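In what follows, a single structure is set out as structure tokens and then discussed.
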Amino acid sequence: MIPVRLELKNFLSYGTEAPPLEFDHFDVACLSGGNGEGKSALLDAMTWAVWGEGRKSSGRRKPDEELIRIGTRHMQVSFTFDLEGTRYRVVRSFSRSETGKTTSSDLEFQLQDAEGDGYRPLTGSTQRETQARIEDTLGLDYDTFINSAFLLQGRSDEFTQKSPSQRKEILTRILNLSRYEALEDKARDHWRAAKERQQRAEAEVERLEEALDDVPDWERERDSVEEKIEAQQETLSDLRAKEKELTQERANLEAKAREAESVRESISSLDARIEEHTAQVESLSERIAEAEELLAEQEAVETAYEEYKDLVEKREALEEKRDHHRTLEQKLDQKQSTLKEKRTDVERRIDRLTVEREGFEESLEECKNTLEQRADVEAQIRTVQAARQRLGEQKRIQKRRDRLDERKAEARETIVGARQQLQGEIETLQTQIEKERETLKQKEALEERIEALQEKKMRREALTARMKEIERQGNTLSEAVQERAGQLEAWRDEREREAEELRRFQETDGDVCPTCGTELTDDHRREVVSTLRSDIEDLDSAIDEGQDRLAEQKSERAELRTTYRELREEREALDGVDEALATAKEQYRSLEETAESVASKQETVDELKHQLEEGAFAEDARREWQACQQRLAALRVDPESIETLQNWAAQLDRYRDRLAEIEEAAARREELTRKIEEHEETIEELRTALDEETVAEDLHEDIEELRDQLKDIEFDSDRLTEVRERIQELSEAPDRHNALKNAKQNRDGWQEQRARVEDRLDEAQTEKADLEGTLSDLESALDGKAEVIEEQEALSERVREEEATLNELQQRLGNLEAKLEQADADRDALQAAKEEREEAAAERQRYKHLRTAFGKHGIPSLIIEETLPDIEERANRILDRLTDGRMHVRLDTLKEKKRGGTKETLEIIITDEHGVPRPYETYSGGESFRVNFALRVALAQLLAERSGVRVRTLVIDEGFGTQDEAGIERLVEAIQAIREDFAKILVITHLERLKRAFPVRIEVEKDPSVGSTFELVGA
């Protein structure tokens, strides 16, 4: 990384008028200026732009709030740099709201176009993502940068004061060894995957071997089932033929049964028809009789009907008059009700006007009383205005006192805050010390744990060897089991052949021996039978012994498998022992570093307590508090007088409101007098209208007219009742008249219909007699049906049982054949699983070696080992120039333990001119700075030359005040000697004798109004 351009706005002491810093004008430059002018702020701007980090107080996670210029609300830094021939730009900003309660920030990362006339964004969707892209591009983080290429003010010993593990971590990042961590993670993932594959393959091998144990039994059972199926099929064929005959006979009988049932249904239908015809004859006879009866009374029926029609007409005329009379009565009631409501409204209005008039008279009296108070109110207003003027003077004095109280309180808060900060730092450090001391108590237990883990590691190695031996024995035993099973099968086949030959020999009746073709005598027959029986007995004995031996071998193999599983489970429980041992060793090393940290922190606590006891803190705030106290004593104010004046001044608005009320009362008096007169006139007019009944005159006329119309209607309600009662008495006249007409029209037709129905009734009775004869014949033929059905169903049940037996046998045969087919596939799968197990075990071992190689004790450790001599040589070359060969530095990577043995570390050993190693703390400030300078420059050179992204920039901020003239001269010579290793070297100092050594200077000045600015001199 090579700086190109730096632009900053409102950053620390820099305001908005600071010019951009162009790095293209120099290779080596001195950044100079007085203390506090803003030299280091330029370097903080670079690190804040790239990493968001800079100077900050302890306890702060981010420095943003402390970097923005006091009195401003927006800060921005733009930093352009070249990296491996490519130009990048980072723009970071921070803003604070007007109230200061909320803040916001922004970050942009850009890449220059190929044409060089613009930038395209590399910014991520979030600031976290953008920051990660910046660090990935640079290849280093903030801590690595400030521990190598960036010697910050007051932090030149950053690398030297780190713990050994932290120094190794910095070297790891400088050498870009983090890629080996990623490779180690990948190797670990592959190792775990191979381990899972191996475990799955072992389980599959075990499962398949167990699955193949029962194959011979399955083959024997298959042959037996095939014989049973053949016999069952013959039995079933005979039963099915007999069942067919009985089924046909049953079908014939059921057909006759259905025919008989049909005849019964026909007879039942005829019974219904006969019943229906009989009912029709009876109904028609009744109608004919009723018709003849009506025809005999014809004259009386017609006379009653004519009277009924005349009465209905009279009733309708009377009901019409009744409806008209009711309508006129309703209208009359409505008019009378409306007239009553209007008179009530007039009376209510008179009451309301009377009440309003009385209220106006009361208000008029109040106005007169109010106007009498005008002179007293005007005098009170003049008095209150004078009190308000005196109150303003007292308040101005009080405001000055309040401002002084605020400044005094702020100063006190600063003093208390500084004290609390010191106490907080002390408490934090003491808490850390207690925690670290508590952690150190684990050291002895950790040593015991390491010993236990080493024993577990040895136990795991022994288990692995034992498992391999058992696996070898198991493979040998499995081969023997398979060989024994094959031999038994061959012996069984041979016995069957011998038994078959014996049977055939015994069944032979000829004179020729079927085995050898010679004459078959009685002696020869006995000899051959004896020989065959002896062979069969020998084979039976061999088969029994072989089966016993096979069972023993299977039992031994099962025991081996059980033992193997137990050993494997025990070994799996110890799988993480290597990692646990490495972790425990790392924890032990960390505890040793913790012990060193406790001593350092205790020194810091003692120093902070001394500051607290002496009161050596917040001195400016103490002076401010004293000045405020003196000025407050000079400003006197009487609180009781202010309170009295405030009470008087508070009355002004009330008196002014009262005066306004008086003015308003004068205007209201005339208005009230006018309203009272108007109300009295209106009340008198309304009362006159009620007395003379002139209210709603049109309604009076309408009521009289309706009463006349009611008299003109002649409606007799008694006559209407009399007509209704007579109509009720003659209510049956219309029905009887209609029945008479119907009888005249239909009597002859009903007589003809009755004759036809009687003929159909005779035909139905004849058909029923014929069907009853047919039904009797069919019932005789069905006498033996129940016995046939019983016999057929019993035989069908037998057939189903035999079919079920056959299906079960066929299903057993199918299952056995499927098992045997699966056994063939399992043999192939077993071989594949064994090959997979061996391949996974080999792959697991390979990735285990790679994990070790990529781990921090592998290749990275070797690279650091190879790099340390180069760092020593570079540092000693510079240190030799700075000390005239009187000091030497050595980096040791091994340290002897108190209990024997060594451990990895990264110790810095410094020897004086006599070659005697001395602790770093015993050297003077100038000597310590030279050591720190030499080591840091060596690290920066390493960072500039590393593979991948190179940081070819060196920044040295202060530290020269510890050197005498000769020391400064040697430092300048050392810087000039290494200038070819870096593209940019920037030295920051306020010493005049050092500035003269550099022809190019960046001179920084601070203006109280516009802030810091700088000028490039000598470029």
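Quick one: which residue in R264, R222, R240 is of a type in the set (K, R) and either closer than 30 Å to Q822 by Cα or in contact with a strand residue (DSSP E or B) (Cβ under 8 Å, 6 or more places away or on another chain) (or both)?
Answer to the check: R222.
Any chance you could count how many residues in segment 669-686 are of a type in the set (D, E, K, R), over 10 Å from F360 (Cα atoms) and in contact (Cβ under 8 Å) with a residue 24 or more places away in the chain?
Residues in segment 669-686 being of a type in the set (D, E, K, R), over 10 Å from F360 (Cα atoms) and in contact (Cβ under 8 Å) with a residue 24 or more places away in the chain: 1 in total.
Among the residues of segment 83-101, what is the count of those that are in contact with a Ser or Thr (Cβ under 9 Å, 6 or more places away or on another chain), hydroxyl-bearing (S, T, Y) and more than 20 Å from F23 (Cα to Cα)?
3
So the check is Cβ under 9 Å with 6+ separation or different chains; which pairs have a first residue in segment 532-561 that's at pLDDT 85 or above and a second one that's β-branched (V, I, T) and open to solvent by 60 Å² or more (accessible area, probe 1.4 Å)?
Final answer for the pair search is none.
Which condition number does I450 fail, the rest of (1) of a type in the set (A, V, I, L, M, F, W, C); (2) in contact with a His (Cβ under 7 Å, 6 or more places away or on another chain); (3) modelled with pLDDT of 80 or more being met?
Result: I450 passes all but (2).
Please work out which one of (1) under 22 Å from P19 (Cβ atoms); (2) outside any strand (DSSP E or B); (3) at pLDDT 90 or above is the condition T80 fails and give its number.
Going through the list (1) under 22 Å from P19 (Cβ atoms); (2) outside any strand (DSSP E or B); (3) at pLDDT 90 or above, T80 breaks only (2).
Condition first: of a type in the set (V, I, T), out of contact with any Lys or Arg (no Cβ under 7 Å at 6 or more places or on another chain) and surrounded by 14 or more Cβ atoms within 10 Å (Cβ to Cβ). Now tell me which residues in segment 683-712 satisfy that.
I683
Mind checking which residues of segment 196-251 are farther than 28 Å from A485 by Cβ and basic (K, R)?
R197, R240, K242, K244, R250
Return the pairs, sorted by first residue and then second, in which the second residue is modelled with pLDDT under 75 and not aromatic (F, W, Y), the first residue lies in segment 710-721 and is under 20 Å from L311 (Cβ atoms) and in a helix (DSSP H, G or I), the beta carbons are less than 6 Å apart, and the residues are 6+ apart or on different chains.
Sorted first by the residue in segment 710-721, then by its partner, the pairs are L720/L318.
Residue pairs, Cβ under 6 Å, 6 or more apart or interchain, first in segment 89-101 and within 16 Å of Y119 (Cβ to Cβ), second of a type in the set (G, A, S). List them.
That search, which allows pairs on different chains as well, returns V90/A49; V91/S78; R92/A49.
Out of the residues in segment 203-212 meeting the condition of being among the charged types (D, E, K, R) and either surrounded by 15 or more Cβ atoms within 10 Å (Cβ to Cβ) or in contact with an Asp or Glu (Cβ under 7 Å, 6 or more places away or on another chain) (or both), tell me which one is nearest to Q810 (Cα to Cα).
E209
Report whether or not L463 is modelled with pLDDT of 80 or more and open to solvent by less than 60 Å² (accessible area, probe 1.4 Å).
Here the answer is yes, as L463 does meet what is asked.
Which one is least open to solvent (accessible area, probe 1.4 Å), of the residues in segment 413-427 that are at pLDDT below 80 and within 10 Å of V605 (Cα to Cα)?
Out of the qualifying residues, it is L422.
Which pairs turn up if I take residues in segment 724-737 that are among the basic types (K, R) and look for partners that are part of a helix (DSSP H, G or I) with beta carbon separation below 8 Å, at least 6 apart in sequence or on another chain?
From residues that are among the basic types (K, R), the pairs are R724/R315; R726/L311; R736/L294; R736/V301; R736/A304; R736/Y305.
Please verify whether E791 is modelled with pLDDT under 80, part of a helix (DSSP H, G or I) and more than 30 Å from E290 (Cα to Cα), treating the condition exactly as stated.
Criteria not met by E791.
Just to be sure, is V281 out of contact with any strand residue (DSSP E or B) (no Cβ under 8 Å at 6 or more places or on another chain), more than 30 Å from A743 (Cα to Cα) and surrounded by 13 or more Cβ atoms within 10 Å (Cβ to Cβ)?
Spelling it out, it is not the case that V281 is out of contact with any strand residue (DSSP E or B) (no Cβ under 8 Å at 6 or more places or on another chain), more than 30 Å from A743 (Cα to Cα) and surrounded by 13 or more Cβ atoms within 10 Å (Cβ to Cβ).
Please list, ordered by first then second residue, the pairs with beta carbon atoms under 7 Å, 6 or more apart or interchain, first in segment 420-438 and touching a residue at least 12 places away in the same chain (Cβ under 8 Å), second open to solvent by less than 70 Å² (accessible area, probe 1.4 Å) and of a type in the set (S, T, Y).
Note: pairs meeting the criteria are L429/T604; E436/T594; E436/S597.
Go through segment 562-600 and report how many residues are in contact (Cβ under 8 Å) with a residue 40 or more places away in the chain and of a type in the set (S, T, Y).
6
Looking at G424, G417, can you tell me which residue is farther than 30 Å from S590 by Cβ, under 46 Å from the mean Cα position of the chain (by Cα) and in a helix (DSSP H, G or I)? Before the answer, list the steps.
Numbers: G424 fails: farther than 30 Å from S590 by Cβ.
After applying the criteria, what remains is G417.
Keeping to segment 5-26, report how many residues are surrounded by 14 or more Cβ atoms within 10 Å (Cβ to Cβ) and either outside any strand (DSSP E or B) or not aromatic (F, W, Y) (or both).
14
Find all pairs meeting these conditions: Cβ atoms under 6 angstrom apart; at least six residues apart or on different chains; first residue within segment 126-137 and in a helix (DSSP H, G or I) and open to solvent by less than 70 Å² (accessible area, probe 1.4 Å); second residue modelled with pLDDT of 90 or more and among the hydroxyl-bearing types (S, T, Y).
T130/T123
Here's the yes/no breakdown for (1) open to solvent by 50 Å² or more (accessible area, probe 1.4 Å); (2) under 23 Å from A769 (Cβ atoms):
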position	(1), (2)
L239	no, no
K242	yes, no
E275	yes, yes
A289	yes, no
E293	yes, no
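Using the structure shown, decide if T766 is in a loop (DSSP other than H, G, I, E, B) and farther than 30 Å from D310 by Cα.
Here the answer is no, as T766 does not meet what is asked.
With respect to the numbered conditions (1) of a type in the set (A, V, I, L, M, F, W, C); (2) farther than 23 Å from L954 by Cα; (3) crowded, with 19+ Cβ neighbours inside 10 Å, which one is the sole condition not fulfilled by I70?
(3)
The values are calculated or read from the model by the stated rules, or taken from the named source; none is laboratory data. Computed from a predicted model, the values in this text were never measured in an experiment. Glycine gets a Cβ as well: all are built from the backbone with ideal geometry, and neighbour counts include every protein chain shown. These area figures cover heavy atoms from the full protein model, side chains too; ligands, DNA and RNA do not enter into them. Shrake-Rupley method; radii C 1.70, N 1.55, O 1.52, S 1.80 Å.
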